[in-house]
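Derivation of every value follows stated rules applied to the coordinates shown; laboratory data play no part. Note that the coordinates shown come from a computational prediction; the quantities given were computed from them, not determined experimentally. Backbone-built Cβ (ideal geometry, glycine too); neighbour counts: all protein chains shown.
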There are 2 protein chains.
Amino acid sequence: MVAIRLDEIDRKILAELQADGRMTNVELAKRVGISAPPCLRRVRTLEESGLIRGYHADVNSRELGFEVQVFAMVGLESQAESELNAFEERCREWPLVRECHMLNGEVDFILKCVAPDLSSFQQFLTGDLLTTPNVASVKTSLVIRGAKDEPGVPFDVLEERMNRTA
Amino acid sequence: MVAIRLDEIDRKILAELQADGRMTNVELAKRVGISAPPCLRRVRTLEESGLIRGYHADVNSRELGFEVQVFAMVGLESQAESELNAFEERCREWPLVRECHMLNGEVDFILKCVAPDLSSFQQFLTGDLLTTPNVASVKTSLVIRGAKDEPGVPFDVLEERMNRTA
DNA sequence: ACCAATGCGCAATTATCTTTCGCACTTGCG
DNA sequence: CGCAAGTGCGAAAGATAATTGCGCATTGGT
């Protein structure tokens, strides 16, 4: 994956598509100040370079019946690379685990999980997570309420940095 | 927001749009097994009902220069509702904070943060987060590497539940 | 059995995307 | 300095997709 040089227009495109991924190409072109064809070419380039990984509908999981969100801090017995990989692979296979990040510090992994209800989660916790070999400790915290949830890039910060460097 | 009754087709639509938010309506209709017009009508209904919150491009923040990801566990002095709201409002204003969740247990909030580099984050930590009134303790953990990151709904689990209930 | 309501599919219109072409600007070499 | 090659842009035309209106079938209730 080559490092693509991004100009102001590319960054605007990314910001707009992050805000509204279904925007039409003509609308996008209008907003970033160029005509449609070169705009589409830039988008394609951004997609092929991997800077745009994809587009996803943001589905309200709570309304769909996943009312429980839990963060789980996991510590392992062994931190050998093979063991770390093995645990990560397990996480990829568990549908209730939506995110898995390896951390520094005393905890090895943090997992973001969803579940339809508490008993479903407990079932997963005791039946799957805690019975996984090499798992030494798990501390879970229920999400009481969400105050902010905007995965993505803060483009305002990015612009500021670019202007400083330029 | 009324509770919408979802049939199999609606759930397929949600799953497909979560996987690929830019899919054309005709392609979507083909995949879920109906013709284009009723498919579009269903999508509009799902959007208006709030089940689909929006569509977003998934931008590779690391490639864009945000190489640092940090989870911050925050404890407050006072957990009065007004204080909780005040802290949440702060989080919404900080661009480096992408997620803020209120938790049960000893920690009051967990924050997912991004930053261009460590010093930027430290600047935010010492300059903003730690100087915020009512913040009692902050424990941060750097993300070493990400193993899974698929925000959204596990539709396979949902289908299984529906079939069991039906 | 009838009627209303809901949802699907067809067809036509409208909007959008894709492709091709030509032009202007920059870059590098003679 | 001049010229050729490469790159990016905008305009226009053909292809594709989205949207709307309407008729019909199915369902649920009377």
Please arrange A:LYS12, B:LYS30 by counting, for each residue, the other beta carbons lying within 10 Å of its beta carbon, fewest first.
B:LYS30, A:LYS12
Over chain B, what is the relative contact order in percent, taking alpha-carbon pairs closer than 8 angstrom and at least six residues apart?
23
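What is the fewest-to-most order of B:CYS91, B:CYS100 by other Cβ atoms lying within 10 Å of their Cβ? Mind dumping the intermediate values first?
Details: B:CYS91 21, B:CYS100 25.
The most exposed by this proxy come first: B:CYS91, B:CYS100.
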Students often get this wrong, so check it: of A:LYS139/B:LYS139; A:LYS112/B:LYS139; A:LYS112/B:LYS12; B:LYS30/B:LYS148; A:LYS148/B:LYS12; A:LYS139/B:LYS112, which have C-alpha atoms separated by over 26 Å?
B:LYS30/B:LYS148; A:LYS148/B:LYS12
Formal net charge of residues neighbouring B:LYS112 (Cβ-Cβ distance under 13 Å; K, R +1; D, E -1):
-1
Residue (of A:THR132, B:THR126, A:VAL26) at the positive-pole extreme of the protein assembly as shown, dipole from beta-carbon charges
A:VAL26
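Place a +1 charge on the Cβ of each Lys and Arg in chain A and a -1 charge on the Cβ of each Asp and Glu, then give the dipole magnitude about the Cα centre in debye, rounded to the nearest 20.
660
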Over the stretch B:1-58, what is the mean sequence separation of C-alpha contacts under 8 Å (at least six apart), divided by residue count, expressed as relative contact order in percent?
35
Can you pull the three principal axis extents for the Cα set of the protein assembly as shown, in Å, largest first?
61, 51, 47
In degrees between 0 and 90, to the nearest 10, how far off the longest principal axis of chain B does helix B:155-165 point, with axes built from Cα atoms?
60
³J(HN,Hα) across the stretch B:74-82 via Karplus (A = 6.51, B = -1.76, C = 1.60, θ = phi - 60°), whole Hz, x for Gly/Pro?
10, x, 9, 5, 10, 9, 4, 3, 5
Distances in nm, one decimal, shortest first, from B:ARG31 to the same residue in every other copy, taking the label point 7 angstrom along Cα→Cβ.
2.3
Sort A:LEU76, B:LEU130, A:LEU14 by Cβ crowding within 10 Å, fewest neighbours at the top.
B:LEU130, A:LEU76, A:LEU14
What residue of chain B has the nearest C-beta to the axis that moves B onto A, and what is that distance in Å, given as a whole number?
B:GLY21, 2
What the Cα atoms of the stretch A:68-142 span along the principal axes, largest first and in whole Å, is 34, 20, 18
Please give the Cα centre distance for the stretch B:1-71 versus the stretch B:119-166, rounded to the nearest Å.
22
Once the Cα atoms of helix A:8-19 and of chain A are each reduced to a long axis, what angle between those two axes, in degrees from 0 to 90 to the nearest 10, is obtained?
50
Could you tell me what % of all Cα pairs in the stretch B:1-120 have separations over 25 Å?
51
Normalised by the residues of the stretch B:68-142, what does the relative contact order come to in percent, with Cα pairs under 8 Å and at least six apart?
51
For a quick check: with amide H placed at 1.01 Å from N, whose amide H comes under 5 Å from B:ASP108's, ignoring anything fewer than 5 positions away on the same chain?
B:VAL74, B:GLY75, B:LEU76
Based on a Kirkwood Rh over C-alpha pairs, give the Stokes-Einstein translational diffusion coefficient of the stretch B:1-58 at 37 °C and viscosity 0.692 mPa s in µm²/s.
285
With Cα coordinates, the longest principal axis of chain A makes an angle with the long axis of helix A:36-48, in degrees rounded to 10, of 30
According to the square roots a ≥ b ≥ c of the eigenvalues of the Cα gyration tensor, what is the shape class of the stretch B:55-96, taking rounded for a/c under 1.5, prolate for a/b larger than b/c otherwise, and oblate for the remainder?
prolate
Total charge dipole magnitude, the stretch A:68-142, about the Cα centre, Cβ charges on Lys, Arg, Asp, Glu only, Debye to nearest 20:
280
